[in-house]
1. Compute the projected area of the convex hull of the Cα atoms of segment 105-241, averaged over all viewing directions, and report it in nm² to one decimal place.
2. Restricting attention to segment 226-292, which GluC sites (Glu not before Pro) occupy a DSSP loop and are surrounded by at most 15 other Cβ atoms within 10 Å?
3. For segment 186-291, what mean projected area does the convex hull of the alpha carbons give, in nm²?
4. When the accessible area of the chain is computed with all protein chains present and a 1.4 Å probe, what percentage of it is carbon and sulfur?
5. Ratio of alpha-carbon Rg to the 2.2 N^0.38 Å globular estimate for the chain, to two decimals, please.
6. What translational diffusion coefficient, to the nearest whole µm²/s, does segment 59-117 have by Stokes-Einstein, given a Kirkwood radius computed over alpha-carbon pairs, a temperature of 10 °C and 1.306 mPa s viscosity?
7. Suppose the chain between GLU336 and ARG98 were pulled fully straight at 0.36 nm per residue; how much longer would it get relative to their current alpha carbon spacing?
8. Pop out the ³J(HN,Hα) list for segment 236-242 in order, Karplus 6.51 cos²θ - 1.76 cosθ + 1.60 with θ = phi - 60°, rounded to Hz; leave Gly and Pro as x.
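The values are calculated or read from the model by the stated rules, or taken from the named source; none is laboratory data. All values reported here derive from a predicted model rather than from experimental measurement. Here the Cβ positions follow ideal geometry from the backbone for every residue, glycine too, while neighbour counts run over all protein chains shown. To get the accessible areas, we keep the full protein, side chains included, count just its heavy atoms, and leave off ligands, DNA and RNA. Shrake-Rupley method; radii C 1.70, N 1.55, O 1.52, S 1.80 Å.
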Amino acid sequence: MAVPLRLTHLFSSPSSLPILRRRRLHGTLPRTLPLAASFSAQRAEAASAKTQDNPKSSKGSEQVITPRSQDFNAWYLDVIANAELADYGPVRGTMVIRPYGYAIWESIQEYLNLKFKETGHSNMYFPQFIPYSFIEKEASHVEGFSPELALVTIGGGKELEEKLVVRPTSETIVNHMFTKWIQSYRDLPLLINQWANVTRWEMRTKPFVRTLEFLWQEGHTAHATPQEAENETYTIEAMMGDKKALQAGTSHNLGQNFSRAFETQFLDETGQMQHVWQTSWAISTRFVGGIIMTHGDDAGLMLPPKVAPIQVVIVPIWKKDEEKVAVLSAASSVKEVLHSAGIKVKLDDSEQRTPGWKFNFWEMKGVPLRIEIGPRDVSSGSVVISRRDVPGKQGKVFGISMEPSILVAFVKDRLDEIQSSLLERAIAFRDSNIVDVNSYDDLKA
């Protein structure tokens with residue numbers, strides 16, 4: 001019986017259990033699906049759609065977010081702009097990552113950096129400029145990257161003897177150094193990682209998903225056997241909310257392609273010279289885009305608590321001046337209690353906006369939990385807590401005690417529930433959009 005083919009728009013969500021795909025060898029990084037032509041064109045289209053189809057924002061908020069079901073791409077760009085994740089750089093196709101967006105990346109980075117070190121990988125750094133001759137040594141590498149290379153031909157006001165490539169990825173310069181460092185089987189495996197920026201002269205760009213310059217980590221490893229290398233090479237293909245594929249984490253079993261091009265060899269235990277077996281793998285700031293597209297809704301961003309820069313926002317509510325002091329005092333005490341418990345909490349005590357505006361604003365920024373404190377709550381020694389992932393009254397709980405042990409336990413439990421809920425929701429969405437096929441005709445259909 002024929003083995004069933006697995007057909008899906010893509011596989012897992014970045015925060016869900018991934019379906020892992022092995023990638024063997026060669027050449028350039030795989031590409032995502034076609035994207036909009038340029039940042040400027042995308043924003044113009046999104047602005048036009050908002051003006052024509054959505055002249056008034058949701059719930060009276062000043063921010064305008066195109067409904068996700070109406071135009072997924074415009075919705076995505078609106079969320080990035082209104083949640084203050086990124087803005088457009090002065091060079092076409094570049095982006096400036098704003099503090100809130102960068103904080104999400106930092107959460108991802110901190111988690112993975114620890115995991116990499118736990119599995120024996122050490123961080124280091126390689127130069128950003130790579131001699132063009134290095135790129136030429138591995139034919140399929142230069143062929144795949146050639147249209148995207150940014151070249152430096154003048155330095156210090158003089159024409160360079162050899163043009164330099166602004167790092168598109170680091171396999172070539174890594175191998176140049178590995179050849180110096182690896183002599184014997186005792187030097188293997190060599191497991192390194194770097195956190196860096198790369199430049200690829202992309203013609204079609206989209207914030208976080210594909211830009212001229214982006215941030216990522218690069219794992220590069222060298223092994224004595226092909227099986228050791230194969231064990232490192234897993235790739236995540238993730239399903240976004242529009243059912244399209246996003247290459248969320250790429251991994252390559254490079255085989256001996258680069259080690260033969262750069263003569264990276266070692267003396268094995270029998271005294272024979274062998275070429276090393278290598279891998280490279282990476283995740284990038286594309287993960288931020290993946291989180292937006294996987295979990296967001298018409299109200300904006302929806303962040304899993306573990307990557308949220310702010311896990312809890314406190315909104316104090318008062319109408320009369322004589323209520324203000326007591327409400328703000330209680331809100332400050334609640335903030336200190338949660339902060340001391342290791343929860344990322346913000347007190348929004350600004351007086352320029354109404355509580356209703358703040359509710360909508362922090363929902364749009366995807367904060368998992370909101371705590372409301374008004375005069376009645378102060379009198380009863382309790383708070384109201386709302387979940388971002390459960391809209392309306394259904395997600396709101398009244399009368400949660402301000403007593404530190406009770407409040408902290410409740411908040412931590414709700415954060416864990418939200419994390420699990422978003423994961424389960426993403427897995428269910430993924431699985432409901434996977435189709436098993438048993439023949440080529442089924443596949444075409």
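1. Orientation-averaged projected area of the Cα hull: 11.0 nm².
2. Counting only loop positions with at most 15 other Cβ atoms within 10 Å, the GluC sites (Glu not before Pro) in segment 226-292 are GLU263, GLU269.
3. Values: hull surface 31.8 nm².
Dividing the Cα hull surface by four gives the mean projection, 8.0 nm².
4. 54 percent
5. In units of the 2.2 N^0.38 Å rule of thumb, it is 1.13.
6. Working: Rh = 13.4 Å.
In µm²/s, the coefficient rounds to 119.
7. Length gained, GLU336 through ARG98: 83.0 nm.
8. Once θ is set to phi - 60°, the couplings for segment 236-242 become 9, 10, 10, 9, 8, x, 9 Hz.
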